[in-house]
Amino acid sequence: MASSKPTANMLWGGRFTSGLDPLMVTYNESIHFDRRIYAQDIRGSIAYARANTKLGLLTPKEFKEIERGFGQVMSEWDEDAFKIVPGVDEDIHTANERRLGEIIGKEIAGKLHTGRSRNDQVATGMRLWLRDELRAIEEHLVSFLRVTTSRAKAEIAALMPGYTHLQRAMPIRWAHWLLSYGTFFADDLERLREVIKRVNRCPLGSGALVGNGFGIDRDAMAEELGFEGLINNSMAGVADRDFVIETLQWAASFMAHISRWSEDLIIYSTAEFGFVRLADAYSTGSSLMPQKKNPDSLELLRGKSGRVFGHMAGLMMSAKGLPSTYNKDLQESWETMIDGVKTISDSVQIATGVLSTLSIFPEKMRAALTPDMLATDLADYLVRKGVPFRETHHISGRVVALAEQEGVLMDKLSVEQLQDVDERFGDDVVQAVFDFEQSVEKRTSKGGTSKKSVLEQIAIIQELLQ
Ligand code: ARG
């Protein structure tokens, strides 16, 4: 790989006289991962050349040549025919420029980089690529939320236990559980839209760090590339990988939500619960135990959250403590970005697949409801008769104890037994309290588990999906 003078062919090689350590050549390279932004790199270069043509740094004829040459470079990449020259094509920027020179001649190709640096070039290409990837993820997230809300609507009748501390707490609608995560994911969608805005700002024209000395029209380039605005300081333009860090922070928090969502569904899919069953498309069997059906999709979603947190923390460690502007450490942002984006994109789609094919078992959910979960409703019954809650809580607790002592479920205690505990219990107490549907329907406040409140929540999320 290393010839007697391997730096001679490199675009920055003029000043370097002795060869690189062959391992250093590969250690330094980013072509194997940044090649995926070949199209963005070319689009950025064309916008840059067009702006330089307006300044008279290139003739219109030279610009046409550059466009034609890049057209061919683009097709070679598209058709998987681009030949990377090992040890020479250090990154996508040098590879594209090297190939352009071979096609249109070094005389014209050599003018392209006037006033530009790979520092602003790389940040531009990465931002263009990431913006498009995040927009696709936004679409996937919208689909996931659509499945969440349409299931919530269709299955609004199903009641199940709501848990705190993973102990049965109070009856809820299954739809309410769905929307509890739907609310997290809707927040994630809003945050993602914010992140995309900041990713979609143009650093091109920052040069190596001080800006462009030829008066290049940065706004025109930004507009051509579909950016929403500029990075307003050239040093920040080349120093910044916050757009990747912020993406990974977003991703980490999204994965934390997905991980909890998965954990709930894993629990609900056990034989002990039996509330849900995963479709075969998202489960696997055991190589040893023929009866097993494992929720691998959910376990992977939960597991991959760790990987995304790792990327976020790793890149923050690489970026902290760097001196101003560009340092090669920033090249470390590539692999975390690429793997983070792929992990998130796959994960949202897998979660959507799991949720849209999941079966639910409302009778199992219902069977898990027990009358003691209405102990709070029993206390509320007396509150409605004017008894202070602290007192009714205590009275209801005594009813729970009595049922335990008698070895019966709470709703099987007689009115007389209840009145022995507190004479303010009326003859209507059993029908008024021991009905799960009624209990749920009482929670009509905004955000509650009644049908009306759940429908309101669906409408709020749907608003975001327009
Ligand atoms: N491959 C480099 C990266 O991804 C491109 C920028 C190189 N700039 C430089 N001054 N060496 O960070």
Just to be sure I understand the filter: pairs with C-beta atoms under 8 Å, separated by 6 or more residues or on different chains, first member in the stretch 437-466 and over 20 Å from residue 373 (Cβ atoms), second member basic (Lys, Arg) and in a helix (DSSP H, G or I). Which pairs pass? 455/153; 458/153; 465/146
Out of the stretch 193-206, which residues are out of contact with any helix residue (DSSP H, G or I) (no Cβ under 6 Å at 6 or more places or on another chain) and not basic (Lys, Arg)? 194
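Assess whether residue 83 counts as being in a loop (DSSP other than H, G, I, E, B), modelled with pLDDT of 95 or more and surrounded by fewer than 23 Cβ atoms within 10 Å (Cβ to Cβ).
In short, yes.
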Which count do you get for residues in the stretch 335-352 that are surrounded by fewer than 18 Cβ atoms within 10 Å (Cβ to Cβ) and within 16 Å of the ligand (Cβ to nearest atom)? 2
How many residues does the stretch 191-219 contain that are assigned to a loop (DSSP other than H, G, I, E, B) and either among the basic types (Lys, Arg) or touching a residue at least 24 places away in the same chain (Cβ under 8 Å) (or both)? 15
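Listed here are the residues, each with its yes/no results for (1) at pLDDT 95 or above; (2) in contact with a Leu (Cβ under 9 Å, 6 or more places away or on another chain); (3) assigned to a helix (DSSP H, G or I); (4) within 30 Å of residue 191 (Cβ to Cβ).
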| site | (1), (2), (3), (4) |
| --- | --- |
| 94 | yes, yes, yes, no |
| 121 | yes, yes, yes, yes |
| 137 | yes, yes, yes, yes |
| 140 | yes, no, yes, yes |
| 146 | yes, yes, yes, yes |
| 150 | yes, no, yes, yes |
| 157 | yes, no, no, no |
| 176 | yes, no, yes, yes |
I'd like to check which helices (runs of 4 or more DSSP H) are fully inside the stretch 220-334 and have at least 2 residues that are open to solvent by 60 Å² or more (accessible area, probe 1.4 Å). 242-268, 296-319
Mind checking whether some residue in the stretch 295-309 is more than 16 Å from the ligand (Cβ to nearest atom) and in contact with a Gly (Cβ under 8 Å, 6 or more places away or on another chain)? yes
Among 333, 414, which is farther than 22 Å from residue 162 by Cα and over 45 Å from the mean Cα position of the chain (by Cα)? 414
How about the stretch 353-397: which of its residues are open to solvent by 40 Å² or more (accessible area, probe 1.4 Å), under 36 Å from the mean Cα position of the chain (by Cα) and not β-branched (Val, Ile, Thr)? 356, 359, 361, 362, 363, 364, 366, 367
For the stretch 76-99, what are the residues that are more than 16 Å from the ligand (Cβ to nearest atom), under 32 Å from the mean Cα position of the chain (by Cα) and closer than 17 Å to residue 43 by Cβ? 77, 78
Of the residues that make up the stretch 115-124, is at least one among the charged types (D, E, K, R), open to solvent by less than 10 Å² (accessible area, probe 1.4 Å) and within 16 Å of the ligand (Cβ to nearest atom)? yes
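Can you name the residue in the stretch 95-114 that is of a type outside the set (D, E, K, R) and under 22 Å from residue 29 (Cβ atoms) and, of all such residues, is surrounded by the most Cβ atoms within 10 Å (Cβ to Cβ)?
Ranking the qualifying residues of the stretch 95-114, first place goes to 96.
The values are calculated or read from the model by the stated rules, or taken from the named source; none is laboratory data. Everything quoted here is computed from the prediction, not taken from an experiment. Virtual Cβ from ideal backbone geometry, glycine too; neighbours counted across all protein chains shown. Note: areas computed on protein heavy atoms with side chains; ligands, DNA, RNA excluded. Shrake-Rupley method; radii C 1.70, N 1.55, O 1.52, S 1.80 Å.
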